[in-house]
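> The structure is given below, and queries will be raised subsequently.
The values are calculated or read from the model by the stated rules, or taken from the named source; none is laboratory data. Note that the coordinates shown come from a computational prediction; the quantities given were computed from them, not determined experimentally. Positions of Cβ are backbone-derived with ideal geometry, glycine not excepted, and every protein chain shown enters the neighbour counts.
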Amino acid sequence: MDINKLLKQQQAFFNSNSTKNIAFRIEQLKKIESLLRSNEALLYEAIYEDFGKSEFETYVTELALVYHELANFIKNIGKWSKKQSVSTGFVNWPGKSYVIPEPLGNVLVIGAWNYPYQLSLLPAITALAAGNTVVLKPSELPKKTSEVMVNLINNNFPSDYFCVVEGGVEETTALLKHCFDKIFFTGSTAVGKIIYKAAAENLTPVTLELGGKSPTFVMADADIKMTAKRMVWAKFLNAGQTCVAPDYVLVEKAIETELLEAIKAEITKHYNSDSIEDNYLQIINTANYERLVKLLNTDNIYFGGQTNSENRFISPSILHQVTFEDEVMQDEIFGPILPVIAFTNLDDAIKKVKERPKPLSCYIYSKNKKTINKILHEVSFGGGAVNDSLMHLSNSHLPFGGVGLSGIGAYHGKTGFDTFTHQKSILQKPFWLEPNLKYAPYSDFKLKIIKWLMG
Ligand code: NAD
């Protein structure tokens with residue numbers, strides 16, 4: 001595809017002002033919704049072919065969020081796009097001041113593979129809702145889902161408004177050479193740095209949704225059964241290939257064995273049927289499968305550890321007696337392996353977490369308000385949950401994004417709309433009054449009045 005031509009066409013379409021019309025935007029969002037709903041069977045088929053993901057998990061973790069946000073935007077973009085009056089102050093009296101939310105222009109969205117629909121479509125529809133044009137580059141790893149998005153979008157939308165461009169490193173590198181008005185990237189921290197550098201060439205603003213090692217604190221006063229239930233669901237969903245999955249557990253020594261047993265019981269309950277290999281999600285590719293299998297090459301397996309290279313299957317696995325120095329604690333795991341580290345002193349555990357890059361998420365299981373507040377106060381992370389895991393991202397009132405090496409910027413709901421919007425600030429004055437105070441020749445008297453007026 002000729003990217004230069006595509007971008008020129010998108011710039012021309014944006015400059016025609018069509019996307020600034022709210023009715024136009026709502027019509028496009030409704031069209032996307034109807035396309036997705038009428039082609040759901042195709043979407044399910046493609047993702048099953050890519051990594052064996054079931055219709056249930058696809059609906060719950062990919063499409064439900066997209067539908068929810070579409071409805072949210074259709075309902076609210078009129079309100080969010082209105083100019084907002086702000087106070088003016090005496091110095092500019094009798095003027096008035098207001099802020100006009102305006103679309104940024106031409107947006108490039110680069111998606112990750114682990115939730116191929118959600119992580120591509122959610123930022124894309126948010127950018128469209130805010131009145132931008134979009135070039136979407138999904139991950140090249142899940143081939144079928146990428147293909148289905150190309151067909152759905154490119155056959156139903158004009159490319160000067162919304163277009164999917166397929167490809168890997170080479171194609172993304174080519175896209176990054178062009179001057180977009182915004183780049184929204186989801187992926188690893190290492191590639192995030194490449195995107196940030198490329199964007200800097202054109203001073204293009206970026207949102208970087210990255211990864212990291214998200215800790216889970218489990219205190220002795222927690223409801224252990226419920227903790228295990230919620231944690232096991234969040235960790236082993238999508239075979240652990242979730243950016244906000246609990247990466248590792250920090251548990252108070254006193255309840256270590258009880259928690260390990262509770263996690264084991266939960267895994268056994270949900271993932272231990274004879275057909276588990278057929279029903280459990282595959283690891284996305286051989287490289288990731290082999291990386292994960294190496295992490296299981298340890299004496300610390302408490303439960304699980306079964307692997308099958310033929311279908312890239314790794315059973316939900318728990319590691320115990322893990323230390324911060326172990327290999328599994330060096331990088332984001334991004335697979336169904338849960339290391340558990342016991343601690344006796346919360347301050348030491350917090351210190352260890354803070355020695356590492358700021359995580360995307362953090363989860364705290366405790367009934368003690370003081371402990372919860374202490375961790376929330378002392379540990380910096382993107383977002384998280386108390387007595388739950390992962391579910392914070394299902395609330396579109398909560399901005400979703402990282403901090404430090406786990407990301408820059410946020411989206412979901414109104415925050416997402418603002419991410420793709422420029423707040424244009426205007427002071428507007430009538431012609432009938434203009435005191436001479438600020439004009440030369442200056443005098444002590446004028447200065448005195450100015451100081452009195454301005455403080
Ligand atoms: P990735 O960084 O390898 O790839 C992401 C995108 O970047 C893909 O579209 C890919 O084609 C492109 N890309 C890869 N290498 C590139 C290069 N050298 N130059 C230009 N573009 C390049 O990430 P991934 O493997 O798809 O996803 C896994 C990572 O993403 C994990 O670290 C995970 O935590 C993170 N993630 C974050 C979020 C979030 O919302 N914060 C969501 C999902 C995944």
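> Specify which of the listed residues (E140, E166) is assigned to a loop (DSSP other than H, G, I, E, B), in contact with an Asp or Glu (Cβ under 8 Å, 6 or more places away or on another chain) and more than 7 Å from the ligand (Cβ to nearest atom). Explain how you work it out, then say what you get.
Working: E140 fails: more than 7 Å from the ligand (Cβ to nearest atom).
Of the residues listed, the single one that is assigned to a loop (DSSP other than H, G, I, E, B), in contact with an Asp or Glu (Cβ under 8 Å, 6 or more places away or on another chain) and more than 7 Å from the ligand (Cβ to nearest atom) is E166.
> Exactly one of (1) surrounded by fewer than 21 Cβ atoms within 10 Å (Cβ to Cβ); (2) β-branched (V, I, T); (3) touching a residue at least 60 places away in the same chain (Cβ under 8 Å); (4) more than 16 Å from the ligand (Cβ to nearest atom) is unmet by T189. Its number?
Only one criterion in (1) surrounded by fewer than 21 Cβ atoms within 10 Å (Cβ to Cβ); (2) β-branched (V, I, T); (3) touching a residue at least 60 places away in the same chain (Cβ under 8 Å); (4) more than 16 Å from the ligand (Cβ to nearest atom) is unmet by T189, namely (4).
> Tell me which residues, restricted to the range 1-39, are in a helix (DSSP H, G or I), within 17 Å of V164 (Cβ to Cβ) and over 27 Å from the mean Cα position of the chain (by Cα).
Hits for the range 1-39 are K5, Q9, F13.
> When you scan the range 48-124 for strands (runs of 3 or more DSSP E) that lie fully inside it, which ones turn up with 2 or more residues that are surrounded by 15 or more Cβ atoms within 10 Å (Cβ to Cβ)?
Ranges flagged: 96-103, 106-110.
> Here's another thing I want to ask about it. What tally of residues in the range 140-154 results from selecting those that are surrounded by fewer than 23 Cβ atoms within 10 Å (Cβ to Cβ) and more than 24 Å from Q28 (Cβ to Cβ)?
Of the residues in that region, 4 qualify.
> While we're here: Just to verify a result, which residue in the range 172-186, among those that are of a type in the set (V, I, T) and near the ligand (Cβ under 10 Å from one of its atoms), is farthest from the chain's Cα centre (by Cα)? Full working, then the answer.
We begin by selecting, within the range 172-186, every residue of a type in the set (V, I, T); these are 172-173, 183, 186.
Adding the requirement that they be near the ligand (Cβ under 10 Å from one of its atoms) leaves 172-173, 186.
Values: T172: 19, T173: 22, T186: 7 Å.
Among those residues, the one meeting the criterion is T173.
> When you look at I408, is it away from the ligand (no atom under 16 Å from the Cβ), farther than 22 Å from V60 by Cβ and among the β-branched types (V, I, T), yes or no? Steps first, answer last, please.
On the way: away from the ligand (no atom under 16 Å from the Cβ): no; farther than 22 Å from V60 by Cβ: yes; among the β-branched types (V, I, T): yes.
Here the answer is no, as I408 does not meet what is asked.
> Being charged (D, E, K, R) and within 16 Å of the ligand (Cβ to nearest atom), is that true of even one residue in the range 220-239? Reasoning before the result, please.
Within the range 220-239, the subset charged (D, E, K, R) is 221, 223, 225, 229-230, 235.
With within 16 Å of the ligand (Cβ to nearest atom) added as a condition, the list becomes 235.
For the range 220-239, residues charged (D, E, K, R) and within 16 Å of the ligand (Cβ to nearest atom): present.
> Between Y289, Y302, Y280, Y248, which is touching a residue at least 40 places away in the same chain (Cβ under 8 Å), more than 14 Å from V340 (Cβ to Cβ) and hydroxyl-bearing (S, T, Y)? Even if it seems obvious, please write down each step before you answer.
Details: Y289 fails: touching a residue at least 40 places away in the same chain (Cβ under 8 Å); Y302 fails: more than 14 Å from V340 (Cβ to Cβ); Y248 fails: more than 14 Å from V340 (Cβ to Cβ).
Residue meeting the stated conditions: Y280.
> Residues of the range 368-424 being buried (at least 19 other Cβ atoms within 10 Å of the Cβ), over 14 Å from the mean Cα position of the chain (by Cα) and small (G, A, S), which ones?
Within the range 368-424, A385, S389 qualify.
> Out of all the residues in the range 330-355, which are within 16 Å of the ligand (Cβ to nearest atom) and either small (G, A, S) or free of Cβ contacts under 8 Å to residues at least 60 places away in the same chain (or both)?
Q330, G335
> When you scan the range 196-219, how many residues do you find that are within 14 Å of the ligand (Cβ to nearest atom), of a type in the set (S, T, Y) and outside any loop (DSSP other than H, G, I, E, B)?
The qualifying residues number 2.
> Conditions: (1) under 25 Å from G383 (Cα atoms); (2) in the same structural domain as S18 (by TED's automatic domain parsing); (3) not small (G, A, S). D181 meets all but one. Number of the miss?
(1)
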